[in-house]
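Structure, as structure tokens:
The values are calculated or read from the model by the stated rules, or taken from the named source; none is laboratory data. Since the structure is predicted, the reported quantities are computational estimates derived from the model, not experimental observations. We place every Cβ from the backbone using ideal geometry, glycine too, and count neighbours over all the protein chains shown. Surface accessibility is based on the protein's heavy atoms, side chains included, excluding ligands, DNA and RNA. Shrake-Rupley method; radii C 1.70, N 1.55, O 1.52, S 1.80 Å.
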Amino acid sequence: MKRPVAAQGSSTLLVTLILLLLSGSCLALLMATQTQMLVAFQHKVQVRLLAAADGGVELGVARGIAGAGEPITRTLGRSLAGAEVLLELSGFVPMAHGACHLCMTNLEGTLGSLGGLSRVSHAVSASARAARRSDGLPPPRRSVSAVVDLMPWPAESRDRWDLAATMAAARRRIRQAALAGDGLYEEGAPVAVARFEASGVGEPRVVAVGGSGTALHAAEISPRPGPLWSFADATDEDGNGAPDLGRPLTAPAIVRLRLGEGGLPVVIFGGGYDPDRPHEVGNWLYIVGVDSGRLLYKRRLDAPVTASPAVADLDGDGVADRIYVGTLAGALYRVDVSTPAPVAGGPVAADFRAPRRVFETGGRPIRQPPAVVPVPEIGALVLALGADGRVDLQASRPEAAGRFFVLVDRGSGPIGSAGSVVAIDPSGSVPGPDRLAAELPPSDQGWSLALDQGEEVVSPPLAAAGLLTFLTFRSAGFDGGGIRRYSLRLRSGDAAAGGARGVPVASGGSRPSGDFGSPTRLEVDHPGSYSAPLLFPGEERVLETLRAGMPESCRFPGARLRLVGAGPGGEPLRLAVLPVCRIDVDWFEDRMF
């Protein structure tokens, strides 16, 4: 039976409509698929940009620790067409120095000459940009910046000067000045160098000061090499029939003090010693101007001063706030210099900044400056101080056992005496408590350690990252003597690596002098460096112990800080290996897509 024409036309129209609907659905499905693919691609690009920018910051930190701080540009993903990412990385830029409770605040000595250790804030940024977009729009971009703190960290550029070469030049200049002055020069006489910015001079000034005989000589090393002045003091202000200034035995401190209208560079030193009149000469603390050699300050103490003064900067501004100086009678004095002192053509007024006796070692002489470390949780400073049993400088045999103290100084009032400080068992192997904990009563804070009979502290103590280290000498009669290196946990006095607190490093030598044990280089081993020296036995355990005692906010980028100094015979001696704590202060996104 044949269908009507109208019916055939309706069927054709229906099929056409169905085909149109199917075509539209397919087209919609195709467009949706393409949109999803585009969204997926853009999401992939976003993920790549996210990873590239974040990874770029980490790369910038790693390169900065390794000493490569210049900006770089890298293209990532070259093998994936259309998925390349251009990474632009800024330098690792130091912005500011902050208070570091894991660092010494000492300004003097060779560690101060190297710039010291601090908490250094760095800025780094990374910008990741896609190479192109398929829709012709500007390519997406993501920029991330971060502020990262490192501590303990060299407060100034590691390559800013060669201290060994500078010291050699300083000794030559001081020798010339001494011979030109009174015609006398003692080989091996103590010398201090300092570098500081000076107004009207395009480059930093380097100044050296050293003693020879009973005079102190100063010379400029750069930028205008030449002699500056000589200082001698034959007056007898205490009326004992002897000159006040004796033979300098240690290097002075060259620092800035709040004198006059600003921070004035000065030289701080003790009165020295005279073996013929051991109790009458040198019982003074002096301060003179770096440029003029003019006497600015002179105060009488109880006994000769043969130790370098410890000069502490408590607020990180590079200007001294406190001076500590010890005497051969075993007294430790504190001088507060945190407020400006008027200077009007003469010395500071006699009633201003009087030294205050704050600690007694029990008659043990102080021949090294203390290390000064802030401890914010107890609101005080910690002083690491060695005291000898060898009472007479000319004696060939020691007379008593030395002692090492870790003291808490709250800045007002006395610290105490040797008998008031908790003594830890030198032979004890059980870990001791934290002797600097805030919950302890003040009378129980701090500790002391008895040294062996005849053992003397012969290097300035170093305290950083929770590690306390110093060198001792013990005479062995005609066979010379032996040198030990102590590596202790500052807060407890325990051996940092377990086992013995003191480890022999040399034997058969004579009593060291001069710059022995003072750090002359700060070296950073960056992660993955093949040039980094191998650790000595026990040093990895020391690093693990120190990391465990650092703040919880610390991350450890793998970097190690090595302090190298002058050892027996002048050869390099590794004084300490320290971990570096990284704290991410802030991460922020500048722009995304």
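Here are the numbers for this structure:
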read-out	value
Percent of C-alpha pairs per 5 Å bin, the range 487-549, short to long	3, 12, 17, 20, 21, 18, 7, 2
Evaluated at q = 0.15, 0.18, 0.24 Å⁻¹: base-10 log I(q)/I(0), Debye formula over Cα of the range 247-327	-0.52, -0.72, -1.13
Cα centroid separation, the range 464-520 to the range 256-294 (Å)	30
Taking only Cα atoms of the range 518-575, radius of gyration then Dmax in Å	13.1, 42
Nearest-0.05 FRET efficiency for Thr75 and Asp336, computed from C-beta distance (R0 51 Å)	0.30
Charged-residue dipole, Cβ positions (Lys, Arg, Asp, Glu), the range 403-517 about Cα centre, Debye nearest 20	140
Net length gained if the chain between Phe556 and Ser427 were fully extended (0.36 nm per residue, minus Cα distance)	43.2 nm
Inverse of mean 1/r across different Cα pairs in the range 413-471, Kirkwood, Å	13.6
Order by protection proxy (mean Cβ within 10 Å, highest first), peptides 167-177, 241-251	241-251, 167-177
Centre separation in Å (Cα based) which lies between the range 298-337 and the range 177-230	22
Inverse mean reciprocal Cα-Cα distance (Kirkwood Rh) of the range 352-495, Å	15.8
Label-point separation in nm, Glu571 to Ser443, each point 7 Å along Cα→Cβ	5.1
Order of exposure, largest accessible area first, which applies to Leu301, Leu107, Leu314 with probe 1.4 Å	Leu314, Leu107, Leu301
Evaluated at q = 0.19, 0.26 Å⁻¹: base-10 log I(q)/I(0), Debye formula over Cα of the range 206-294	-0.85, -1.28
Cα→Cβ-extended label distance, 7 Å offset, between Phe478 and Asp586, nm	7.1
Per-selection metrics, the range 434-593 (Cα): Rg and Dmax in Å	18.7, 78
